[in-house]
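The values are calculated or read from the model by the stated rules, or taken from the named source; none is laboratory data. Computed from a predicted model, the values in this text were never measured in an experiment. Methodologically, a virtual Cβ is constructed for each residue, glycine included, from the backbone with ideal geometry; neighbour enumeration extends over all protein chains shown.
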Amino acid sequence: MLQIDGWFYRVCTWIYHFTLLNLLFLISCIPIITIFPATAAAFGVTRQWVKKKEPPIVTTYIRLMKENFKQSMVVGIFIVIVGMLLYGDFRIITKIDSNIKIALYMFFCLMTAFYVVIVLHVFPLMVNGYYTGKQLLINALKFGLYKFHLTLINLICLYGLFLISVKFPFFFLFFFSSIAIFITYWLSEFKFTQLAVETGIKTKKNLLKTHS
């Protein structure tokens, strides 16, 4: 049980990894302005874990935070602005007394759904390849709508983790952020794999049609 390849050792190792990453993330978010670079760095570390790698957590985290600082800040500021605009729109709609109120409400609910999809997938894409800011946001929307049931599962998991954190505050301090980010990237990586397989199949079919 206490051997390096034993289950108890592996469980303790993962507890340590998640706790360390969670504390690093929370400490990095203290200045508030660094929330988005910290999020990108945390996704970068979990990407290594999902790919069966075990990099030094602290040094890798700091390096990824520096590498993604500029783009994550630009994207993060855009996300905040759009989020504030959507919130303002809903506040205005509640004060409207007109027949178009329901139509406006449904429209902005749809926009909010797209917004959540983008926020959920923009950082997994950011740490998985190079994109311009515009490409990143467009691809995040497309990628989030791809196999949408996985996006819904992701949201349900995040909501469940949130409820646990509300009931047990220590969970938020030591595990919530790292586990939430890990689950989000793990599901994104599954989408990456499925998309690559489907793209490969389509490419082979096109080649067969070309040579037939």
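The set of residues from segment 76-91 being in contact with a helix residue (DSSP H, G or I) (Cβ under 9 Å, 6 or more places away or on another chain) and over 14 Å from THR34 (Cβ atoms) comprises PHE78, ILE79, VAL82, GLY83, LEU86, ASP89, PHE90. Residues that are within 19 Å of the chain's Cα centre (by Cα) and over 17 Å from PHE18 (Cα atoms) within segment 152-178 comprise LEU152, ILE153, ASN154, LEU155, ILE156, TYR159, GLY160, LEU163, listed in sequence order. Residue pairs whose Cβ atoms lie under 8 Å apart, separated by 6 or more positions or on different chains, with the first residue in segment 31-58 and over 15 Å from PHE69 (Cβ atoms) and the second at pLDDT 90 or above and not in a helix (DSSP H, G or I), are ARG47/VAL127.
Checked against the criterion of being under 23 Å from GLU189 (Cβ atoms), of a type in the set (A, V, I, L, M, F, W, C) and either touching a Pro at 6+ places or on another chain (Cβ under 7 Å) or at pLDDT 95 or above (or both), the candidates LEU155, LEU141, LEU136 yield just one match: LEU155.
Inspect segment 192-209 for any residue being touching a Phe, Trp or Tyr at 6+ places or on another chain (Cβ under 8 Å) and either closer than 20 Å to TRP49 by Cα or modelled with pLDDT of 90 or more (or both) and give the result as yes or no. No, because not a single residue in segment 192-209 is touching a Phe, Trp or Tyr at 6+ places or on another chain (Cβ under 8 Å) and either closer than 20 Å to TRP49 by Cα or modelled with pLDDT of 90 or more (or both). For segment 126-140, filtered to residues that are of a type in the set (S, T, N, Q) and part of a helix (DSSP H, G or I), the residue that is surrounded by the most Cβ atoms within 10 Å (Cβ to Cβ) is ASN139.
Of all residue pairs spaced 6 or more apart or on separate chains, those with beta-carbon atoms under 7 Å, a first member in segment 76-92 that is free of Cβ contacts under 8 Å to residues at least 24 places away in the same chain and a second member that is surrounded by 14 or more Cβ atoms within 10 Å (Cβ to Cβ) are ASP89/PHE108; PHE90/PHE108.
Only a single item in (1) more than 16 Å from the chain's Cα centre (by Cα); (2) loosely packed, with under 13 Cβ neighbours inside 10 Å; (3) more than 25 Å from ILE30 (Cα to Cα) is not met by ASP89, and it is number (2). Criterion applied to THR39, THR94, THR19, THR59 was being β-branched (Val, Ile, Thr), under 22 Å from VAL117 (Cβ atoms) and either at pLDDT 90 or above or loosely packed, with under 11 Cβ neighbours inside 10 Å (or both), and the one residue passing it is THR39.
Of the residues contained in segment 156-163, one or more are found to be out of contact with any Asp or Glu (no Cβ under 6 Å at 6 or more places or on another chain), surrounded by 14 or more Cβ atoms within 10 Å (Cβ to Cβ) and closer than 25 Å to LEU195 by Cα. Would you mind stating whether ILE81 is more than 25 Å from LEU141 (Cβ to Cβ) and of a type outside the set (Ser, Thr, Tyr)? So ILE81 does not fit the description; no.
Counting only helices (runs of 4 or more DSSP H) that fall entirely inside segment 1-79 and contain at least 3 residues that are among the hydrophobic types (A, V, I, L, M, F, W, C) and over 19 Å from the mean Cα position of the chain (by Cα), the qualifying elements are 7-28.
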